[in-house]
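Chemist: Input: one structure, supplied below.
Every number here is computed from the coordinates shown, using simple stated rules; none is lab data. All values reported here derive from a predicted model rather than from experimental measurement. Because the Cβ atoms are built from the backbone with ideal geometry, glycine has one as well, and the counts that use them run over all protein chains shown.
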There are 2 protein chains.
Amino acid sequence: MIEYRNLKIAVLGGGTVGANVAALLIEHGEELAARVGAGLEVVGVAVRDLDAVRTPALPRELLTTDAESLIPGADLVVELIGGIEPARTLVLQALNSGADVITANKALLATHGPELFEAAEQVGAQLYYEAAVAAAIPIIRPLRDSLAGDRVRRILGIVNGSTNFILDKMDTEAMGSEEAQRLAFELGYLEADPTLDVDGYDAAQKAAILASLAFHTHVPLDAVHREGIGAVTGEQVAAARAAGYVVKLLAIAERVTDPVTGREGVSARVHPALVPADHPLAAVHGGNNAVFVEAEFAGSLMFYGAGAGGVQTASAVLGDIVSAARRHLAGGPGVAESVSADLPVLPIDVAITRYQITLEVADLPGVLAEVAGVFAEGGVSIETASQAAGAADETGDPTATLVIITHRATERALAATVETLAASPSVRSVRGVLRVEGQ
Amino acid sequence: MIEYRNLKIAVLGGGTVGANVAALLIEHGEELAARVGAGLEVVGVAVRDLDAVRTPALPRELLTTDAESLIPGADLVVELIGGIEPARTLVLQALNSGADVITANKALLATHGPELFEAAEQVGAQLYYEAAVAAAIPIIRPLRDSLAGDRVRRILGIVNGSTNFILDKMDTEAMGSEEAQRLAFELGYLEADPTLDVDGYDAAQKAAILASLAFHTHVPLDAVHREGIGAVTGEQVAAARAAGYVVKLLAIAERVTDPVTGREGVSARVHPALVPADHPLAAVHGGNNAVFVEAEFAGSLMFYGAGAGGVQTASAVLGDIVSAARRHLAGGPGVAESVSADLPVLPIDVAITRYQITLEVADLPGVLAEVAGVFAEGGVSIETASQAAGAADETGDPTATLVIITHRATERALAATVETLAASPSVRSVRGVLRVEGQ
């Protein structure tokens, strides 16, 4: 028999997610108690400013500005403050006090994951973080549990809704990059400082978390190659569309073989990429998220839904609270986040993929042959090349735009080829390089 | 510290899935042991016929025809025999012996779920069944754990790959029903006796399992309203396509309000339905499966992948084995499958949805007005009506085909309206009724 008692829950953070979580725990207390087999008692909600809390469902007497005071005696500590400090210190205090911890803090996990998992393991506590990646879309649990007996080959994730909204507008409504960003800002998809989203920092944090989990290997945030969508032009998006592709910002984590050592390793990267129009990821529109997983036995799986939002994130946190509560009642030591494989994390230049290269070239006979020669010498095989007549350059010579899509090549070979192209007399400029993924 | 020891695993069933599971446990033993924190030792594989096992990776000395002999002493029992008996007796024996049980047996769960969950609860054992629905697509764990703090409103699932293949061919290649079924049979999507798939029995079993789990309520198999795809015509599929819809066989489980008592209840049903072409489920092609979940806080989620196959199912079973092994090592009582909500299971006539009705009518002035009058009297509001000139009927009178799509109405109101239509002098025949879902 399970001993029926109240579990004490401390909620740290009174922002949208924290206030939603606390309010739902109170409102749905009876229903949740029946599912868990014990009451879930909110012992307090730590906020930065008592007067800034606007959620009427939160009883004022639960609020405190002293987060630390809520930890002793709590069975579960829910960290929804965000950022590194004081979140890190509070999570470590909570784990050391024997509480199980639930967090939605992607920045903290991406930068201090190993420290937190080790602290949890030492005291036999659990650390739950389903809400840290793609809000309510279950992806942490499927990777950790459902695919625990399988071998993940590759993850392709649309894990940032703001940039997906922008790229989707550029694709489906032929908006320019600036116009789409302005609209995203007006609709609340982008913060006043959009760099976290647009430059791919948010997606890189999630890539580090997903890669670590999928490959049972610590992938540090600074090992994630990162390119944002700032340089993606309407011209590239249109050329992609004409060739049967859609441009998406992807968080990619994959098993690759190091060409030097022959050893298997992990590559994690974030960059805009062309995805075939009939790929399930191509149908992810607006601010939605999706994570596409290729596993050795399970084949291709996709997890789709809203990747952000206060109540959506609260749903993921509540799911973790119920799981943690059941585990807490059952007792026994926690299950440590395993880095059992500990694969080497490889730099992007050993990654192998396909590329779309946009060149501005002199509009003269023989230029395509010359460009094709550079690719051949670089060991990069061309799949398609299409040319559109352009304007004249500043010297008055006629120019043309050449869009080339290649077969698979290493990043290293591609980089060397692009360097040679840039120095080539008939190439006026290399206007952009995008990778092609999902095949 | 976790005590490092070998966990003993008995595999019951030596078919494709059983042989794959046992072979993978042996081949990947080291990797799995590192993930679990203990060795996973296959103590035996029970098969029906020793000579029929064709998997070279399975050591002959592990094989036995005596399934019962493998249970005593096993930590985990993996039931992959299928069907009701002897699977039911063996699972109960295993649970009573204190083993945690992993099964992929949808028929057993849909018909004897409560008995098995109760047996597990009494001894504090766990019952895992991720592979029973949609093979390797994680759906059981997300519903049980990730959404444990949310309230599911509706599940729309494409959970039978064979019928999705057939309907997809009818839609994308305008094949007739018979031709598509023949192709499905030739390609191995259909068994010699296709009724389990085509008549919706397989999908109904999965609907019962999903509905029970999502609504914390026992939904018995015989409470699932079931219609197969046998009556779906090429004409209906074409009319759906022209109106912006795709026809899919859906397993639906939803919260509905009983109009008589005003009480909330659960409706579970399987039938072909029109899905808007821009709905994520419309993009599920070929033999793939997908489960679309609408939850109060999480919003819309979709889980997509291959819904069948030996290695895919083995992947889901292995994920459950790793989870069960971790839980077994951690100790403590199991978490019971909760029927904490125990909602009434309501008949289909209180379900509310939209409908596509195909009528053969006399091609005379005033017929549309008459038909529209019948709908209005029945309390069913018409959204669109489109007419195509037909041939003459057997009396030589000219006929026309009328395709009507309605607004939302109860099944009861629709059924009464269709009955009146059938008796109406200008209606020659009601050629078909399909529901419209996903909006």
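Chemist: Just to compare against my own numbers: the Cα pair-distance distribution for the protein assembly as shown, 10 Å bins, whole % per bin, please.
Modeler: The calculated distribution, bin by bin, is 2, 12, 20, 23, 20, 13, 7, 2, 0.
Chemist: Select from A:H328, A:H28, A:H218 the residue whose mean-square fluctuation is largest in a Gaussian network model of chain A (Cα-Cα springs shorter than 10 Å).
Modeler: Answer for the Gaussian network model of chain A: A:H28.
Chemist: While we're here: Going Cα to Cα from B:K206, which aspartates and glutamates come in below 16 Å? Please leave out same-chain ones fewer than 8 positions away.
Modeler: B:E130, B:D197, B:D222, B:E227, B:E254
Chemist: Also: With the cut-off at 1.5 for a/c, could you classify region A:24-119 from its C-alpha gyration tensor as rounded, prolate or oblate? The partial results should precede the final answer.
Modeler: Numbers: a/c = 1.90, a/b = 1.30, b/c = 1.46.
Oblate is the answer for region A:24-119, as a/c is 1.5 or above yet b/c matches or exceeds a/b.
Chemist: How far apart are the A:S97 label points across copies, placing each 7 Å from Cα toward Cβ, in nm, shortest first?
Modeler: 4.5
Chemist: Just want to confirm a number: the relative contact order over region B:72-112, from Cα pairs under 8 angstrom separated by 6+ residues, in percent. Intermediate results must be reported in sequence, preceding the final value.
Modeler: Values: 49 pairs, mean separation 21.2, N = 41.
RCO, region B:72-112: 52 percent.
Chemist: For Cα pairs less than 8 Å apart in space and 6+ apart in sequence, what is the mean separation divided by the residue count of region B:351-436, i.e. the relative contact order in percent? Spell out each step's value before the answer.
Modeler: Values: 162 pairs, mean separation 41.7, N = 86.
Contact order relative to length: 49 percent.
Chemist: Next up: What does the C-alpha gyration tensor say about the overall shape of region B:140-306? Classify as rounded when a/c is under 1.5, otherwise prolate if a/b is larger than b/c, or oblate. Don't skip to the answer; put the middle values down first.
Modeler: Details: a/c = 1.80, a/b = 1.68, b/c = 1.07.
Taking the square roots of the gyration eigenvalues as a ≥ b ≥ c, region B:140-306 is prolate.
Chemist: A follow-up question, please. Which residue fluctuates the most in chain A, going by a Gaussian network model with Cα springs under 10 Å, if the choices are A:L156, A:L250, A:L301?
Modeler: Its mean-square fluctuation being the largest, the pick is A:L301.
Chemist: For region A:207-341, what does the alpha-carbon gyration tensor say about shape, rounded, prolate or oblate, given a ≥ b ≥ c as the root eigenvalues, a/c under 1.5 as rounded, and a/b over b/c as prolate? Don't jump to the answer; show the numbers that get you there.
Modeler: Details: a/c = 2.25, a/b = 1.38, b/c = 1.63.
Cα axes put region A:207-341 in the oblate bin.
Chemist: Provide the net charge surrounding B:R88, with neighbours chosen by a C-beta distance below 12 Å and charges set as Lys +1, Arg +1, Asp -1, Glu -1.
Modeler: Working: positive: none; negative: B:E79, B:E85, B:E115.
Taking every other residue near B:R88 into account, the sum is -3.
Chemist: Per DSSP H run of at least 4 residues, take -39500 (n - 2.57); add these up for chain A, divide by its residues and hand me the 222 nm value, nearest 500 deg cm²/dmol.
Modeler: Numbers: 12 runs with 142 residues, N = 439.
-10000 deg cm²/dmol, from helical runs alone.
Chemist: Another question about this same structure. Counting pairs of alpha carbon atoms under 8 Å apart in space and at least six apart in sequence, what relative contact order in percent does chain B give? Mind showing how you got there, number by number?
Modeler: Working: 952 pairs, mean separation 70.1, N = 439.
Normalised by residue count, the contact order of chain B is 16 percent.
Chemist: Additional query: Name the residue, out of A:Q126, A:Q205, A:Q93, whose mean-square fluctuation peaks in a Gaussian network model built on chain A with Cα pairs under 10 Å.
Modeler: Judging by the Gaussian network model, the answer is A:Q93.
Chemist: Do any trypsin sites (Lys or Arg not before Pro) in region A:1-90 lie in a DSSP loop with no more than 16 other beta carbon atoms within 10 Å, and if so, which? Working shown, then result.
Modeler: Details: sites: A:R5, A:K8, A:R35, A:R48, A:R54, A:R60, A:R88; in loops: A:R5, A:R48, A:R54.
Loop-located and lightly packed - A:R5, A:R48, A:R54.
Chemist: Scanning chain B for GluC sites (Glu not before Pro) in DSSP loops with at most 16 other Cβ atoms within 10 Å, what's the longest stretch left with none? Intermediate values should be presented prior to the final figure.
Modeler: On the way: sites that count: B:E3, B:E173, B:E191, B:E296, B:E394.
After excluding every exposed loop site, the longest remaining stretch is B:4-172.
Chemist: Let me ask something else. On C-alpha positions alone, give me the angle between the axis of helix B:367-377 and the longest principal axis of chain B, in degrees, nearest 10.
Modeler: So the inclination is approximately 60 degrees.
Chemist: For region B:351-436, what does the equivalent ellipsoid look like in terms of its semi-axes, each the square root of 5 times an eigenvalue of the Cα gyration tensor, given largest first in whole Å? Write down the numbers at each step before the final one.
Modeler: Values: eigenvalues 98, 28, 24 Å².
Calculated on Cα positions only, the semi-axes equal 22, 12, 11 Å.
Chemist: To one decimal in nm, how far is B:E419 from the same spot in the other copies, if labels go 7 Å from Cα toward Cβ? Please give the shortest first.
Modeler: Those separations, rounded to one decimal, come out as 8.1 nm.
Chemist: Using only Cα atoms and rounding to the nearest 10 degrees, what angle (0 to 90) does helix A:177-186 make with the longest principal axis of chain A?
Modeler: Approximately 20 degrees, to the nearest ten.
Chemist: Next up: Find the percent of Cα-Cα distances in chain A that exceed 43 Å, and round it to a whole number. Spell out each step's value before the answer.
Modeler: Working: 20115 of 96141 pairs.
It works out to 21 percent of all Cα pairs.
Chemist: Could I ask something else about it? How many nanometers, to one decimal and shortest first, lie between the label point of B:E264 and those of its other copies, if labels sit 7 Å from Cα toward Cβ?
Modeler: Distances between equivalent label points, in nm: 4.6.
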